[in-house]
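In what follows, a single structure is set out as structure tokens and then discussed.
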Amino acid sequence: MSASGGSKAIVAAFLANLGIAITKFIAWFFSGSASMLAEGIHSVADSGNQLLLMLGGRQAKKAADKEHPFGFGRERYVYAFVVSIILFSVGGVFSIYEGIEKLTHPHELTNAWLPLLVLTIAIVLESFSLRTAVKESNPLRGSQSWVQFVRRAKAPELPVVLLEDVAALTGLVLAMLGVGLTVLTGDPTWDAVGTLAIGTLLVLVAVILGVETKSLLVGEGATEDDVAKIEQAIAAGPEIERIIHMKTLYLGPDELLVAAKLGFAADQPLLHVAAATNVIEQRIRAAVPAARVIYIEPDVYVDPNLTAPPTDAIVIKGLE
């Protein structure tokens, strides 16, 4: 997986979630805490999420073929979408169901110290996982806020891991409150309320990630900053008269397609246009390294406001 995929953050999150899931299920088995069961399912879902993200990164490396001439870069978006919707929603819906079940059929907690101990350990481990994700994200985030980074990132793995870890830490705090209030008051309703809160949180995160990943699947263009860099690179030399129009599209998190119709002087020979096109492509790639696929269409710009074609316009027989 490329550096933008945050492989260290994914591995750290997988190891943390797997270990935490085991301890949570042990605590649930001996205490009967609904919050612990919900948190255990949450951690299992998160562990599966990391495996899917790693699988998506592996699939995206496959070489292009005749059926997929632009490669498989968007595989990462597909697997991130599966993560954001199915696993998160399954965890969230199960937690809500378990919370409702405990509200209608409450029972007292036993060995309440055990889930509290496990939750404390889990909070520490999740904090390390979140710290790794933050360190991996900061070089890519630059001056953007965290909200802007999640919304604008073209590599889906880091936003998924970040939101997972934030949701996990928040869920652990909610579980701690639910179990703690149950111990203090003797009322198991608080444990069920904590479970419902965890489920609601997971569903909310699933919706946020689903919306963002859907946008990447449909197809997003370059950011405003990158578009400006590309336009500046094209216009930096004397080769063309103007940019007639340009479109961009991310074929994958690390591969940008640039298609531009450029206005050349009508009297330039073909050899000169070909050489100029190569120079422009080099400048674009230097300005935006992700722009790996570039298609340039040479044309002659004609002002649409003119009442008559220019005297030097080239007329091709049959296209008058």
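Key figures
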read-out: Qualifying residue in segment 169-188 (condition: under 30 Å from residue 216 (Cα atoms), surrounded by fewer than 22 Cβ atoms within 10 Å (Cβ to Cβ), assigned by TED's automatic domain parsing to the domain that holds residue 21 and of a type outside the set (Phe, Trp, Tyr)); value: yes
read-out: Condition met for residue 164 (in the same structural domain as residue 200 (by TED's automatic domain parsing) and either assigned to a helix (DSSP H, G or I) or aromatic (Phe, Trp, Tyr) (or both)); value: yes
read-out: So residue 195, is it of a type outside the set (A, V, I, L, M, F, W, C), buried (at least 20 other Cβ atoms within 10 Å of the Cβ) and closer than 24 Å to residue 107 by Cβ; value: yes
read-out: From the options 180, 210, residue that is farther than 28 Å from residue 252 by Cα, part of a helix (DSSP H, G or I) and not hydroxyl-bearing (Ser, Thr, Tyr); value: 180
read-out: Single unsatisfied condition, residue 155 versus (1) part of a helix (DSSP H, G or I); (2) in the same structural domain as residue 132 (by TED's automatic domain parsing); value: (1)
read-out: Elements of type helices (runs of 4 or more DSSP H) contained in segment 66-151, each with 2 or more residues being more than 20 Å from residue 31 (Cβ to Cβ) and basic (Lys, Arg); value: 113-141
read-out: Segment 131-164, residues that are over 22 Å from residue 226 (Cβ atoms) and more than 16 Å from the chain's Cα centre (by Cα); value: 131, 132, 135
read-out: Test: residue in segment 163-173 that is within 25 Å of residue 250 (Cα to Cα), touching a helix residue (DSSP H, G or I) at 6+ places or on another chain (Cβ under 9 Å) and not charged (D, E, K, R); value: yes
read-out: Yes/no for residue 12 being of a type outside the set (D, E, K, R), at pLDDT below 80 and more than 19 Å from residue 118 (Cβ to Cβ); value: yes
read-out: Search result, residues across segment 278-304 that are in a helix (DSSP H, G or I), without any contact (Cβ under 8 Å) to a residue 24 or more places away in the chain and over 31 Å from the mean Cα position of the chain (by Cα); value: 278
read-out: Out of 151, 131, sole residue that is within 19 Å of residue 20 (Cβ to Cβ) and surrounded by fewer than 16 Cβ atoms within 10 Å (Cβ to Cβ); value: 131
read-out: Output for segment 179-228, where each listed residue is of a type in the set (Ser, Thr, Tyr) and in contact (Cβ under 8 Å) with a residue 24 or more places away in the chain; value: 182, 189, 195, 200, 213, 223
read-out: Residues that are more than 19 Å from the chain's Cα centre (by Cα) and either among the aromatic types (Phe, Trp, Tyr) or surrounded by fewer than 18 Cβ atoms within 10 Å (Cβ to Cβ) (or both), drawn from segment 74-104; value: 90, 93, 94, 97, 100, 101, 103, 104
read-out: Residues being within 30 Å of residue 96 (Cβ to Cβ) and surrounded by fewer than 24 Cβ atoms within 10 Å (Cβ to Cβ) - total across segment 46-73; value: 6
read-out: Qualifying positions in segment 138-161 - touching a residue at least 60 places away in the same chain (Cβ under 8 Å) and closer than 17 Å to residue 14 by Cβ; value: 156, 157, 158, 160, 161
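The values are calculated or read from the model by the stated rules, or taken from the named source; none is laboratory data. Quick caveat: nothing in here was measured; it's all calculated off a predicted structure. In this analysis, Cβ positions are derived from the backbone assuming ideal geometry, glycine residues included, and neighbour counts consider all displayed protein chains.
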